[in-house]
Amino acid sequence: MERSIEEKWRDRWAESHIFEPAADTTREKFFVTVPWPYTNGSLHVGHGRTYTLGDIVARYKRLTGYNVLFPMGFHESGTPILAFSERLRNGDKDTIRLYMSYLSEYEKPEDIDRILESFREPQNIADYFSRVIIKDFMDLGYSIDWSRKFTSADPFYQEVVKWQFNQLNEKGLIKRGSYPILYSIRDENAVGEDDIKDGDTDKVSIEEFTGVLFRGEKYSLMAASLRPETIFGVTNLWINPSAGYEMVRYRGMDIVMSSSGCKKFSMQHEGVQYVRDVPSDEIVASEFQVPFSSEKVGVLNAEFVDPDNGTGIVYSVPGHSIFDYIYYNKNGIKNNLKKVVKVDRNVSVESLVEKYDLEKNSERLKDATQELYKEEFYNGTLINSGRYSGMSVEAGREAIKREMQEKNLAYIFYETTRKAVTRSGSEVIVAVLNDQWFIDYSPEWLKEKAHELVNSMKFYPELYRKLMNDAVDWLKERPCARRRGIGTKLPFDERWVIESLSDSTIYMLAYTNKNELESIYAHLKKIPYGILDYILLGKEVREKYDEYTMENARKARDEFRYWYGNDLRITAPPHISNHLAFYIMNHAAIFSGKELPGGLMISGLVISNGAKISKSKGNVISLLEIIKHYSADIYRLFMAAGADISSLLDWNEKDLSSVIKRYSYFTDILDAYSPGDDDSNYIYSWFKSAFYRNLKTYIADMESMNIRDSYIAIFYNVMNDLRNVESHGGNINIALKPVLADWLKALSPIIPFAAEEYWHRHIDNNSFVSAQTIDMNIDNRIDYNILKSENYLNRVISDIREILKIIHIDAKKATITVYGQKQKTFLEEYPGGNLDREYRTMIGDYMKNKNRIDTEMIDEYSIIEANRKYLESSLKLDITVVKSDSIQKKNPWPGRPLIEIS
RNA sequence: GCGGAGAUUGCCGAGCUAGGAAAAGGCGAUGGAUUUAGGGUCCAUUUCCGCAGGGAUUCGUGGGUUCAAAUCCCACUCUCCGCACCA
């Protein structure tokens with residue numbers, strides 16, 4: 001469709017408000033949602049899949065008679081918008097370039113600088129991109145009810161979020177506790193992936209070390225280890241002679257570690273105090289006691305110790321660490337390996353050093369260490385380890401760690417998995433927050449309710465049900481508030497902002513009564529919990545409110561009761577273990593019955609030209625660009641028919657061109673269409689039956705959300721059938737006339753613009769196809785006999801072709817002998833067993849062909865006779881058809897005529 | 001590590017949760033048609049054998065169940081994805 005036509009329908013749909021439904025208790029409702037977009041930029045080809053699927057479902061449900069609510073809002077919570085705005089203020093070149101590229105698509109060059117300037121205020125970014133996204137969505141023909149739009153930053157909505165947290169708190173699901181996070185000391189703030197340099201490409205996570213204390217006469221050394229179970233194999237300690245070491249006092253003990261270790265430790269434990277610097281010479285001069293043992297070990301200098309990793313002190317276990325072992329050998333240190341882990345296979349420090357010749361090939365060191373580590377962890381047993389001997393490494397590690405902690409012989413020491421700095425260059429470490437707020441998803445009653453819910457919901461595709469149940473089991477405590485970012489203040493502690501995923505777990509309910517809630521908020525400047533308890537839970541209102549408030553509350557309650565229960569939510573796989581899990585858990589915690597979620601559709605990833613969509617690959621294609629270059633219908637067709645919903649969809653030129661080809665074949669037909677005469681010729685009757693069979697398949701597939709299959713039936717198959725009409729010498733206009741209205745209706749969910757345009761041109765200029773319903777009772781419009789006839793004809797053609805293929809003669813003529821009375825009589829009499837004598841000679845031939853004979857007999861002679869011209873032109877042969885009147889050695893059977901070519 | 005998904009004919013990709021098709025569809029390739037010049041459209045072919053519609057061998061590897069398995073069961077090999085404050 002030309003852009004101007006799509007724009008025309010976009011505007012006329014909006015003007016006529018046909019997608020803004022009212023509650024109507026006489027009609028069944030269907031409430032479908034997709035995640036609200038985050039407004040820090042414009043959307044690209046990948047984002048559109050979920051939204052397009054949402055619109056297809058919404059339009060389809062409308063078509064089949066439901067009162068459909070398909071709303072949309074915008075997510076503004078969290079840190080990214082703030083971070084981007086800040087980076088723009090700081091003049092970050094990459095960020096400026098990024099936003100210039102967004103703006104250059106939508107704005108005139110002279111306006112860009114002014115708008116960019118306005119982005120120094122974060123709210124302007126959110127406002128700008130929500131406008132842009134609305135425009136894109138309208139251009140794509142989405143049948144969204146924009147009258148219910150709101151954002152997560154809207155004050156009325158924040159009242160709902162607070163209410164939600166209050167509900168969770170009343171159910172005992174809000175907790176406080178300590179929690180390790182990535183942190184920047186200089187910025188005095190938590191950092192997320194977005195704040196870390198290369199954080200999106202090279203992920204930083206938190207690793208838990210055991211900081212083991214080795215007691216000396218004056219102080220203890222703390223060595224950080226990932227393998228506390230090797231403590232019985234310690235032969236010495238390593239420190240880096242050129243690093244700085246400090247002493248801190250913690251729980252009455254003097255502990256020494258590297259300066260950087262001290263800094264981290266003090267961010268992870270409360271009451272850590274600096275005492276003095278300690279020169280490395282002083283440390284090396286002393287001996288220290290190994291935990292659980294009376295033995296003392298010395299401290300050796302080693303340059304390989306990194307003072308910025310862990311505590312800058314490591315204990316040496318040459319029996320189980322390749323690094324230590326090699327360092328021993330290189331420096332001629334007396335080798336007194338202690339073995340504390342036994343494995344069955346011949347994998348050990350010595351064997352690996354030999355196998356990879358590690359003394360010379362240091363590049364294999366890491367791999368070899370991994371190999372050893374794995375082998376010992378999974379197959380190792382502790383030996384020479386006191387009362388831990390005999391335990392598996394896996395169990396022993398936990399037990400030893402626990403005992404050391406209980407006896408104040410070790411403390412947890414968190415470290416990042418790689419060295420990281422923020423985008424502004426300050427160091428990222430792990431800090432422990434002692435008063436972090438959590439939602440506790442672990443109570444048994446909640447898990448049970450959630451599983452019950454998951455098992456009662458519909459899943460498309462079904463395999464995600466299991467994944468969802470696993471995610472429910474896996475959820476424990478979820479930190480639910482942060483110290484910064486856009487969002488709602490935690491009602492019990494206003495210093496905290498509710499974390500951005502936790503504020504969006506039940507938000508879809510506000511679509512049902514957004515306008516009433518907003519009115520109440522505007523009127524009272526708040527929405528009291530009592531009012532929300534009434535609207536959302538049906539509890540009695542105890543406090544006294546004025547009539548305006550109560551009237552809106554009653555209306556809001558009615559809207560909520562009619563609409564709620566999110567019948568289908570459509571989203572993508574990365575949401576399963578977070579957003580969707582919370583969505584399910586929070587609903588299970590607060591709601592019950594029909595207000596619980598009804599179904600989930602999870603669509604697969606979209607890639608672009610064979611690669612993951614990313615700026616660095618240069619394959620980001622914005623939705624606007626697509627609309628401009630290809631048209632909305634083509635994008636929608638590709639999204640729907642390009643791949644099954646669960647599988648990966650690759651946006652690429654090649655597949656696109658075949659979609660465009662089919663689409664223009666379609667528009668060519670409809671542009672040229674003018675209603676033909678009524679005609680009930682064989683081929684038109686056939687087409688009509690074939691069409692309704694396709695429509696039946698379409699409906700069945702749509703009902704089970706097999707969107708791709710349904711469109712293959714109604715789009716591709718119908719067009720192939722039209723070709724078949726032509727090759728029979730038929731006329732497309734005549735064939736289409738009786739089915740065109742239904743065809744356009746069925747196509748309207750996926751290519752609404754074309755469907756709307758042709759509906760107005762060819763069917764009815766005074767109504768919208770987008771607002772029609774379709775008659776689902778179609779079985780009586782399918783004549784299965786005629787479908788069988790056509791099927792038979794095609795089988796005859798392919799049989800003849802097969803013969804032509806292998807006989808190398810110059811064929812002129814085919815004689816087709818179809819079954820006659822004799823064969824018919826035989827087939828009727830044979831099952832009874834009392835055949836006349838003359839028929840008995842047929843038994844052998846019958847047995848040979850038994851499996852290929854049609855059980856239902858059709859009038860093959862007439863079918864071929866009526867379509868002789870078609871056969872002749874397809875095969876380029878003269879065709880003669882005769883009906884068998886005798887018993888032969890080789891007989892024609894129903895569905896298996898005899899063919900003779902000469 | 002935990003959890004999950006998958007290995008199909010040149011390629012991509014259905015079918016595999018009701019076991020009975022050399023296995024949909026697309027792309028590519030080959031041949032043909034079209035007012036006959038190779039990028040358009042249409043038709044046919046595309047595992048192997050076959051001068052009559054037939055036969056043989058295929059769906060990661062190796063076993064098993066069954067009259068019958070790409071489809072069910074077991075083992076093995078390999079590949080991919082998610083994992084918490086990030087929206």
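The values are calculated or read from the model by the stated rules, or taken from the named source; none is laboratory data. On a predicted model such as this, the values are computed, not experimentally measured, just so you know. So basically every Cβ, Gly included, is an ideal-geometry build from the backbone, and we count neighbours across all protein chains shown.
Of the residues screened, A:Tyr861 is one that is within 26 Å of A:Asn724 (Cβ to Cβ), in contact (Cβ under 8 Å) with a residue 24 or more places away in the chain, part of a helix (DSSP H, G or I) and in contact with a strand residue (DSSP E or B) (Cβ under 6 Å, 6 or more places away or on another chain).
Just need a number here: residues in the stretch A:783-804 that are more than 19 Å from A:Asn694 (Cβ to Cβ) and surrounded by fewer than 19 Cβ atoms within 10 Å (Cβ to Cβ). Final tally of qualifying residues: 8.
Considering the stretch A:438-477 alone, what residues qualify as being within 10 Å of RNA strand B (Cβ to nearest atom), under 24 Å from A:Ile181 (Cα atoms) and crowded, with 17+ Cβ neighbours inside 10 Å? Within the stretch A:438-477, A:Phe438, A:Ile439, A:Tyr441, A:Ala471, A:Leu475 meet the criteria.
Scanning the stretch A:573-610 for residues that are in a loop (DSSP other than H, G, I, E, B) and within 23 Å of A:Asp24 (Cβ to Cβ) gives A:Phe591, A:Leu596, A:Pro597, A:Gly598. What is the one condition in (1) in a helix (DSSP H, G or I); (2) in contact (Cβ under 8 Å) with a residue 12 or more places away in the chain that A:Ile774 does not satisfy? Failing condition for A:Ile774: (1). Here A:Asn609 fulfils each of the conditions (1) without any contact (Cβ under 8 Å) to a residue 24 or more places away in the chain; (2) surrounded by fewer than 17 Cβ atoms within 10 Å (Cβ to Cβ) apart from (1). When A:Tyr521, A:Tyr507 are checked against the criterion of being within 12 Å of A:Val160 (Cα to Cα), hydroxyl-bearing (Ser, Thr, Tyr), more than 9 Å from RNA strand B (Cβ to nearest atom) and in a helix (DSSP H, G or I), A:Tyr521 stands alone in meeting it. Suppose we keep only residues that are within 10 Å of RNA strand B (Cβ to nearest atom) and either over 28 Å from the mean Cα position of the chain (by Cα) or part of a strand (DSSP E or B) (or both) within the stretch A:481-496. Which one would you say is surrounded by the fewest Cβ atoms within 10 Å (Cβ to Cβ)? Restricting to residues being within 10 Å of RNA strand B (Cβ to nearest atom) and either over 28 Å from the mean Cα position of the chain (by Cα) or part of a strand (DSSP E or B) (or both), the top hit is A:Arg483.
Condition first: out of contact with any Phe, Trp or Tyr (no Cβ under 8 Å at 6 or more places or on another chain), in a helix (DSSP H, G or I) and without any contact (Cβ under 8 Å) to a residue 60 or more places away in the chain. Can you find one or more residues in the stretch A:313-323 that meet it? Checked the stretch A:313-323: at least one residue is out of contact with any Phe, Trp or Tyr (no Cβ under 8 Å at 6 or more places or on another chain), in a helix (DSSP H, G or I) and without any contact (Cβ under 8 Å) to a residue 60 or more places away in the chain. Assess whether A:Arg795 counts as being charged (D, E, K, R), within 11 Å of RNA strand B (Cβ to nearest atom) and either touching a residue at least 40 places away in the same chain (Cβ under 8 Å) or not assigned by TED's automatic domain parsing to the domain that holds A:Tyr692 (or both). Yes; evaluated as a whole, the condition is true for this residue. Taken as a whole, the condition of being of a type in the set (A, V, I, L, M), within 14 Å of RNA strand B (Cβ to nearest atom) and buried (at least 16 other Cβ atoms within 10 Å of the Cβ) applies to A:Ala581.
Can you pull out every residue in the stretch A:697-724 that is more than 12 Å from RNA strand B (Cβ to nearest atom) and within 30 Å of the chain's Cα centre (by Cα)? Correct list: A:Thr697, A:Tyr698, A:Ile699, A:Met702, A:Glu703, A:Ile707, A:Ser710, A:Ile714. Applying the criterion of being under 19 Å from A:Asn609 (Cα atoms) and more than 10 Å from RNA strand B (Cβ to nearest atom) to the residues of the stretch A:646-690, the residue that is nearest to the chain's Cα centre (by Cα) is A:Trp651. Which residues, counting only those in the stretch A:635-665, are touching a residue at least 60 places away in the same chain (Cβ under 8 Å) and assigned to a helix (DSSP H, G or I)? Those that are touching a residue at least 60 places away in the same chain (Cβ under 8 Å) and assigned to a helix (DSSP H, G or I): A:Tyr635, A:Arg636, A:Leu637, A:Met639, A:Ala640, A:Ala641, A:Tyr663. The criterion of being part of a strand (DSSP E or B) and more than 15 Å from RNA strand B (Cβ to nearest atom) holds for A:Ile570. Evaluated against (1) under 30 Å from A:Ile699 (Cβ atoms); (2) more than 9 Å from RNA strand B (Cβ to nearest atom); (3) not assigned by TED's automatic domain parsing to the domain that holds A:Lys696, A:Ile778 falls short on exactly one condition, (3).
Within the stretch A:460-486, residues that are outside the structural domain of A:Asp701 (by TED's automatic domain parsing) sit with their Cβ atoms under 6 Å from residues that are in a helix (DSSP H, G or I) and surrounded by 20 or more Cβ atoms within 10 Å (Cβ to Cβ), at 6+ positions apart or across chains, in these pairs: A:Met468/A:Val454; A:Asn469/A:Val454; A:Ala471/A:Ala581; A:Val472/A:Ala450; A:Leu475/A:Ala581; A:Cys480/A:Ser502. When the test is whether a residue is among the acidic types (Asp, Glu) and either within 15 Å of RNA strand B (Cβ to nearest atom) or assigned to a strand (DSSP E or B) (or both), A:Asp187 passes it. Look at A:Ser101 and say whether it is in contact with a Phe, Trp or Tyr (Cβ under 7 Å, 6 or more places away or on another chain), of a type outside the set (A, V, I, L, M, F, W, C) and assigned to a helix (DSSP H, G or I). For A:Ser101, the condition - in contact with a Phe, Trp or Tyr (Cβ under 7 Å, 6 or more places away or on another chain), of a type outside the set (A, V, I, L, M, F, W, C) and assigned to a helix (DSSP H, G or I) - is not met. Candidates are the residues of the stretch A:69-85 that are at pLDDT 85 or above and within 13 Å of A:Phe119 (Cα to Cα); the one that is surrounded by the most Cβ atoms within 10 Å (Cβ to Cβ) is A:Ile81.
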